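Where a number appears in this text, it was derived from the coordinates with a stated rule and is not lab data. Note that this is a predicted model, so its numbers are computed, not measured. Here the Cβ positions follow ideal geometry from the backbone for every residue, glycine too, while neighbour counts run over all protein chains shown.
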Amino acid sequence: MSQRGHDPHAIDGKFPAPSHHYDVVVIGGGPSGTEAALKAAQVGTKVLLVDENPVSGALIGTDVPFFFGGRATTAVQNRERMVETVFMNMPWLEPAFEAGVEVQLATTAWGVYRNGPLVGSLPGQVVGLADAERSWLVGFDKLVIATGARDLPLAFPGWNQPGVMGAKALAMLLERYDAFAGRRIVVVGSHDLGLETALLAKAKGLEVLAILELRNTVQGNTDLAAQVAAAGIQVRCGVTPVEAKGGLDGVEALVLSDGETLACDSVVMGVGLVPMIELNDAADGPRRFDANRGGWVPEESEAIAFAGSCAGLVNTGFDHASYRQDWMDALGGACGGDTIICQCEEMTLADLTGLQPPRYLERPPALQKRSLKTLLQDGPPNQDQVKRLTRTGMGQCQGRRCRDQVAMILAAEAGKNLAEVPLATHRAPVRPLPLKVIADWEESEAMRAGWDVWMGIPTQWVPYADIGTPYEEENRRRLGGAMAL
Amino acid sequence: MSAQKVVVVGAGASGLSAAWWLARSGVSVTVLDKGIVGWEASGRNGGGCSHYQSPLFKEEQRLWPQMDELLGYPTEFSPERIVMAVTPRQLDQYHYIAEMNNRLGHRVDLLDASQVREAVPLAGDNCLGGIHYRFGGHANPHRSVQAYAWALQDLGGQIVQHSPVTGFQVASGTVTAVESTSGTYECDAVVIAAGPQTGQLAAQVGIDLPLANARAEMIVTEPAPMMKLGGVDGNGLYGRQTLRGNLAYGGGPHEWVEFGDLGPETKPSTPLTRNLARRLAELFPGAAHLNVIRSWAGVIEMTPDGRPVIDRRENVTVCTMSGVGFGLSPASGHAVSDLVLEGRCSFTDIEKLGLSRFDGIEADWRISKGWLPL
């Protein structure tokens, strides 16, 4: 048998070990993540706790990670001040500091990497972190993901203007950032989330004009409903938004299905939250669908655990999936074909159901005969396929604004349950990161020296006519299979 | 007897193009795929269409500018490419490539640094110059593969997705039917163009085809301002600015991998994302502030010499492209269709892409090359 040869352009040995290693890394410094970090630190392990807040003003502007809807004040542009503000508003961190947990704020976790199927080249399991300046890798024995849940936006006419936002984004801006720019709000949805959002807004001195509920009764628990009533906030059942009207600064009024128009500056979507499973998902971690816990939820594996609403919303027996479906049907009823579904790529509902490409491409007659319906005749629904053809979900918000709704539309068109439609993939980096930040400016010499544009096989680029001529030898000498080192 | 009924195994760029060419000749074609159309390397590559090393080059160049019209669906083909250097060694290599192409009659112009910066506004002060291919270009892989599929359907061809091949029925040396999970398909001829699965499928009909599989990675940024010419490579990267403006680039070390007969279930990317980002920020300093929004990986099958195989044994034609399948697909489909119908390629000599060059290769060739998983 031959001796094992060496391929200088293969990945073998090119990833150095990470410079830092922790027994436990916790992603997300909310109360649940902090509790997990504290517990780990109390038994003497070396613990790192990172939290991405405050995220940059630029990310807030693209609705990452929450649906901020352009209603943050300019204060979010001042990074240093924001770090102070956010830290002040996380008093639960104090015991973690005292217990010796290393805490890093304004630090994003953007990827989890492990050896497994198709990857054997990593020096152990690592999580990719980044701040505003640079990125780095950290090794871990155990990872606790406590990234919370993000907003579930749903489209209706006018939803793609400043002032239409998510309940979680509102809570973050009010409680963590002290940077909400609105004053008069309407809350959409009367389940626990909607009621809690209205109560928070009221407590923070905002004017809550109404909570809208498409069903005939308040959906949240009776205690919250009583608090809402006591606060004098009106819940309007059987009423839904028809259109958000506005001007240069965004929303100015919300037209309702009962014909009334409410003068407001913000419409807060409180229909549902989606567990932020993308780190686990991008690392091929297991997941399952649980309608009562907010959709796709992660499953623990040996090295990765979950805490807080990232693991799934609290199960109160409420079917979030059907509630969202009802809302999408109601709001969708107000949508025309020209209602934007994907804000980043400016794709409309008609573009999506017609399976049409973006407007910078022509739509020849044969293409116009194709649609989501004809695609579904060829095979079961797959959101990634639809994404690549229509570009819905391919933009700079990484699909946060539309992916959940597109999946619901796809399921509806296919006549399937949402759980039967494969979840559109998440890929690292799970937060948008500038090239210069995510770049490895300290890459290994082995990586630098072994780099090749494509495979590095000496014979592959020899022109056909030159094969077997002296030119072949010259080609090898000049390029050596390596194109553009 | 000319084939009336052909089964193509593999709904990637090579298989679908072959099927489309066959359907254009009036053949009844069925394409079987284990998964979704264009779901593997065909749909997730750099989109380059400039393979001057291939005997199919002239046909590739003739066809790409016509593909939107021929298929009836957009491929996003955009002509020409620039390769730009940010190190003296790169510049030396690119100048050699230019010289070589000009000798072969493929026009490549030399550009000085200011000419590059004019054509490529994202280039920076570190640019040392470059070369301009007055041929080739790039297209959108996923859109193009879907275009082949739809054009084939429009001609009456059938595509059966989620239907892995389970076996072949052979009578007196020729394949008479292909068995799959969705049923058995009778045929006069078979095309195997199944990417990484091509080797084990060919083995089932007695054809030895040495292949090893590698995983490669790409990244994509949010849109940048549109450049005059989107096909810009260099600094060890291949890729393109898409018509939307995104910068989609790959390159760097690959990882040799193994998986089961149905292909890999997952295609993870690695922290190589960071090395790709660095190279891209060096190539385009003007884009260094742009966000990376995704990374992805694909699996590519390679022959021992890194060159394609397009050949026929009895009524079985095999096509495996060693990583240049997407760009060459308009031409490879033509060649495969010719082999199926006529037994030889009508428009160029492809003798050196034959199977016989691997006759007698050692069984452990992958070990001696080090082409093994870690």
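Only helices enter this figure: runs of n ≥ 4 DSSP H residues, each worth -39500 (n - 2.57), summed and divided by the residues of chain B, yield -8000 deg cm²/dmol at 222 nm to the nearest 500.
Put simply, the amide H of residue B:180, placed in the peptide plane, has neighbours under 5 Å in B:166, B:185, leaving out anything fewer than 5 places away on its chain.
Per-residue Karplus couplings for segment A:262-270, computed as 6.51 cos²θ - 1.76 cosθ + 1.60 with θ equal to phi - 60°, are listed in order as 9, 7, 8, 10, 9, 10, 9, 6, x Hz, Gly and Pro entered as x.
For segment A:1-126, a simple Cβ point-charge model (Lys and Arg +1, Asp and Glu -1, everything else neutral) yields a dipole of about 300 debye relative to the Cα centre.
If the cut-off is a Cα-Cα distance under 14 Å, which aspartates and glutamates reach residue A:46, setting aside same-chain residues fewer than 8 apart in sequence? The qualifying aspartates and glutamates are A:23, A:98, A:102, A:141.
Put simply, the amide H of residue B:8, placed in the peptide plane, has neighbours under 5 Å in B:30, B:31, B:32, B:191, leaving out anything fewer than 5 places away on its chain.
The angle separating the long axis of helix A:403-414 from the principal Cα axis of greatest extent in chain A is about 90 degrees.
Against chain B, whose longest principal axis is taken from its Cα atoms, helix B:141-154 shows a tilt of about 30°.
Where both bridge residues fall in the protein assembly as shown, DSSP classifies roughly 60% of the beta bridges as antiparallel. Beyond 25 Å in Cα-Cα separation lie the following of the pairs A:168/A:204; A:373/B:267; B:34/B:58; A:168/A:416: A:373/B:267; B:34/B:58; A:168/A:416. Taking a straight Cα-Cα cut-off under 12 Å and skipping sequence neighbours fewer than 8 places away in the same chain, the aspartates and glutamates within cross-link reach of residue B:352 are A:466, B:305, B:311. When you count the other C-beta atoms within 10 angstrom of each residue and take the mean per peptide, B:356-369, A:450-463, B:318-331, A:210-223 line up highest first as B:318-331, A:450-463, A:210-223, B:356-369. Peptide A:446-453 has a mean of 5 when you count, residue by residue, the C-beta atoms of other protein chains within 10 Å of its C-beta.
Per residue of A:363-370, other chain Cβ atoms within 10 Å of the residue Cβ number 4 on average.
With the simple spin-label model, which puts each label point 7 Å out from Cα in the Cβ direction, the residue B:208 to residue A:449 separation comes to 3.7 nm. Of the residues B:273, B:303, B:348, the one that moves most in a GNM of chain B with alpha-carbon contacts below 10 Å is B:348. For chain A, the 222 nm mean residue ellipticity estimated from helices alone, with every DSSP H stretch of n ≥ 4 adding -39500 (n - 2.57) and the total spread over all residues, rounds to -7500 deg cm²/dmol. Would you mind pulling out the separation of the Cα centroids of segment B:162-183 and segment A:402-438, in Å? Their Cα centres are 36 Å away from one another. Evaluating 6.51 cos²θ - 1.76 cosθ + 1.60 at θ = phi - 60° for every residue in segment B:174-181, the Karplus couplings come out as 10, 7, 10, 7, 10, 9, 9, 5 Hz, glycine and proline recorded as x. For segment B:226-239, the Karplus equation 6.51 cos²θ - 1.76 cosθ + 1.60, evaluated at θ = phi - 60°, returns couplings of 5, 8, 4, 10, x, x, 10, 10, x, 6, x, 10, 10, x Hz by residue, with Gly and Pro reported as x. Inter-chain neighbour count for B:320-327: the average number of beta-carbon atoms from partner chains within 10 Å of each residue's beta-carbon is 1.
Temperature 10 °C, viscosity 1.306 mPa s: under these conditions the Stokes-Einstein estimate for segment B:146-248, based on its Kirkwood radius over C-alpha pairs, is 90 µm² per second. Positive-end ranking of A:313, A:222, A:298 along the dipole of segment A:213-317, with charges on Cβ about the Cα centre, is headed by A:222.
The amide H of residue A:22, built 1.01 Å from its N in the peptide plane, has A:139, A:140, A:141 as neighbours under 5 Å, considering only residues 5 or more places off or on other chains. Seen against the Cα atoms of chain B and their longest principal axis, helix B:13-24 is set at about 60 degrees. Each other residue within a Cβ distance under 12 Å of residue B:196 adds +1 if Lys or Arg and -1 if Asp or Glu, for a net charge of -1.
Between rounded, prolate and oblate, where does segment A:208-357 land on the alpha carbon gyration tensor, with a ≥ b ≥ c its root eigenvalues, rounded for a/c under 1.5, else prolate if a/b exceeds b/c? Judged from the Cα gyration tensor, segment A:208-357 comes out oblate (a/c at least 1.5, b/c at or above a/b).
Identify, among B:200, B:162, B:214, the residue whose Cα sits farthest towards the positive end of the charge dipole of segment B:150-234, taking +1 on the Cβ of Lys and Arg and -1 on the Cβ of Asp and Glu, with the dipole about the Cα centre. Positive-most Cα among the choices belongs to B:214.
Packing, taken as the mean count of other beta carbons within 10 Å per residue, orders the peptides A:36-46, A:390-400 from highest to lowest as A:390-400, A:36-46.
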